[in-house]
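Student: Here it is, the structure, as structure tokens.
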Amino acid sequence: MILEDFSNPNDSLTLVLSLHFIAESFGQNYPEEADGTLDCISMALTCTFNRWGTLLAVGCNDGRIVIWDFLTRGIAKIISAHIHPVCSLCWSRDGHKLVSASTDNIVSQWDVLSGDCDQRFRFPSPILKVQYHPRDQNRVLVCPMKSAPVMLTLSDSKHVVLPVDDDSDLNVVASFDRRGEYIYTGNAKGKILVLKTDTQDLVASFRVTTGTSNTTAIKSIEFARKGSCFLINTADRIIRVYDGREILTCGRDGEPEPMQKLQDLVNRTPWKKCCFSGDGEYIVAGSARQHALYIWEKSIGNLVKILHGTRGELLLDVAWHPVRPIIASISSGVVSIWAQNQVENWSAFAPDFKELDENVEYEERESEFDIEDEDKSEPEQTGADAAEDEEVDVTSVDPIAAFCSSDEELEDSKALLYLPIAPEVEDPEENPYGPPPDAVQSSLSDEGIGSEKKRQSSSDGPQAPKKKPKTTNIELQGVPNDEVHPLLGVKGDGKSKKKQAGRPKGSKGKDKDSPFKPKLYKGDRGALPLEGAAKGKVQAELGQPLTAGGAISELL
């Protein structure tokens, strides 16, 4: 064995680069190409994975929440959640609950299995973001427009308004840290506050500045699922990565230096949405100008991949799979999936398997296919051979490390990983064990036209008498109630083209310019309210143009 002396710094650098190249050659942990799309029929606006990446919730333009089984790439459930577009979604830790916000200022909590609404909260201004507490699903963080962040307590329907740095600047974004111990808030003047979640006491603070000591607005704060790192997306088009432990050490009015500064130096791209990979080693940022995803390696800060979608489309949302190198992005109302190129490797099934480029003559051993090899001598069992006779435990299930946090040893036994789906058989074959044909025909005649309604209701679960969910009005002092959600904003004269918040009240003139209004299909015959997938079909039959076709182009 030859040992080389790497006392020379150049040799050490060569060794590090060689090891990095070797590690990359065995496979990357980030997506490399498009892997299909998920069509929700209606226009998708936002998406989020559950904690294990088995289910993907998609909020749509018509107010529905479509839950996809990500392993089968099929729709597992559709919840008719809101009347107006869904603008934010978040899963609870155990996966049994979903909290959603719509553009009519409503925040709702949903039971995923039944599809029922547990609670509703009505805010005076549009909601930019909702987020469950990472460890306590009784608390929800809400970021209304032109208001300080609000923390809801679901059990007693109470709320707490979080303190802000400057009362005159209420363009505040907020986020829980990885375990929910602290809440990080950022305003339009670049000031970051770190608050203790339980007491709302100020623990640390610092200001994000540019190279000329000018401040820049905070657009979003995102935390990694593993480790203590978080990123800040700012208006100066730079993504800054910080270590949360250093922030707490610096205390109030500290001056921490970012670990990395990520940006597109060539095109000066502004970023619509940023997030970490599941292992926290990569960062993806979606462009606000086009459907393009930029992926950086966090430790080095180098750009490793740019994924380009369809030219001319605008990006709405990006989500990285919690445990796999898969990214979901939304543009033009369709969810695009980005994954690695899977190469078939048969040696995984048989270690001695070899792929041949051409036919090779094979010489068979004399005892190769004998049940017992008579010529084989039986050596004494020592070491690994003796271990084969030991009993192997095949009943106990070891927890999957990727599904457990660093401070946990066991998985959540009550977690909801999958949704049961009842198969719909359109043309069932003759069942010898079922009821006689006469009984089947009589039951079909009794059902009549209502069979289609029953089939539709069966997909949404049993039709038990539903109690009306409790609605709580959240009163916020000094918050304007005439704000318009960014999804509904239309370029041009803001005075004449603002959409009123809340449900439409029959006014035809005020709401006609909204690109995301559900009932917005017009022609020579007047307004035509349409529902679900039949919108495009009926419009095509009537020969009327869709006024919401340019909805995506009006965003941002």
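The values are calculated or read from the model by the stated rules, or taken from the named source; none is laboratory data. Only a predicted model underlies this, so the values are computations on that prediction, with no experimental measurement involved. Heads up, the Cβs are rebuilt from the backbone with ideal geometry, glycines too, and the neighbour counts pull from every protein chain shown. Please note that ligands, DNA and RNA were not included when accessible areas were found on the heavy atoms of the full protein model with its side chains. Shrake-Rupley method; radii C 1.70, N 1.55, O 1.52, S 1.80 Å.
Student: Taking amide hydrogens as modeled 1.01 Å from N in the peptide plane, which residues meet the under 5 Å criterion relative to residue 87, leaving out close sequence neighbours?
Tutor: Answer set, sorted by chain and number: 101, 102, 103.
Student: Same structure again: Heavy atoms only, probe 1.4 angstrom, no DNA, RNA or ligands counted: give me 80, 329 ranked by accessible area, highest first.
Tutor: 80, 329
Student: Below 8 Å between Cα atoms, with a sequence gap of 6+, how large is the relative contact order for segment 281-356 in percent?
Tutor: In percent, rounded to a whole number, it is 19.
Student: If you don't mind, another one. For the pair residue 306 and residue 261, what calculated FRET efficiency results from E = 1/(1 + (r/R0)^6), where r is the Cβ-Cβ distance and R0 = 22 Å, to the nearest 0.05?
Tutor: Approximately 0.75, to the nearest 0.05.
Student: Only Lys, Arg, Asp and Glu count, each charged at its Cβ (+1, +1, -1, -1), so figure out the dipole size of segment 76-173 about its Cα centre, rounded to 20 debye.
Tutor: About 260 debye.
Student: Relative contact order, percent, of segment 44-179 when contacts are C-alpha pairs under 8 Å separated by at least 6 residues?
Tutor: Rounded, it is 14 percent for segment 44-179.
Student: May I ask for the distance between the Cα centers of segment 290-318 and segment 117-192, given as a whole number of Å?
Tutor: About 28 Å separates the Cα centre of segment 290-318 from the one of segment 117-192.
Student: Also, quick follow-up: Summing Lys, Arg as +1 and Asp, Glu as -1, what charge do residues with Cβ under 12 Å from the Cβ of residue 35 carry, residue 35 excluded?
Tutor: 0
Student: Note down the relative contact order for segment 33-102 as a percent, whole number, built from C-alpha pairs under 8 angstrom at least six residues apart.
Tutor: Across segment 33-102, relative contact order equals 27 percent.
Student: Heavy-atom accessible area of residue 123 with all protein chains present, probe 1.4 Å, nearest 10 Å²?
Tutor: 10 Å²
Student: Size of the dipole of segment 171-296 about the Cα centre, Lys and Arg at +1 and Asp and Glu at -1 on the beta carbon, nothing else charged, in debye to 20?
Tutor: Charge dipole of segment 171-296: 440 debye, to the nearest 20.
Student: Using the Cβ atoms and a cut-off under 12 Å, what net charge is assigned to the surroundings of residue 231, where Lys and Arg are +1 and Asp and Glu are -1?
Tutor: Neighbour charge sum, excluding residue 231 itself: +3.
Student: Treating only the Cβ atoms of Lys and Arg (+1) and Asp and Glu (-1) as charged, compute the dipole magnitude of segment 84-140 about its Cα centre; round to the nearest 20 debye.
Tutor: 220 debye
Student: Sticking with this structure for a sec: Quick one: how many Å² of residue 281 are accessible to a 1.4 Å probe, rounded to 10?
Tutor: For residue 281, the solvent-accessible surface is approximately 80 Å².
Student: Now for a separate question. Less than 13 Å Cβ to Cβ from residue 291, Lys/Arg counted +1 and Asp/Glu -1: what total charge do the surrounding residues give?
Tutor: Net local charge, residue 291 excluded: +2.
Student: Now for a different question. Rounded to the nearest 0.05, what FRET efficiency do residue 467 and residue 419 have when you use their Cβ-Cβ distance and R0 = 30 Å?
Tutor: 0.85
Student: I've got another one for you. Which cross-chain or sequence-distant (5 or more) residues have an amide H under 5 Å from the amide H of residue 35, H modelled 1.01 Å from N in plane?
Tutor: The answer is 337, 338, 339.
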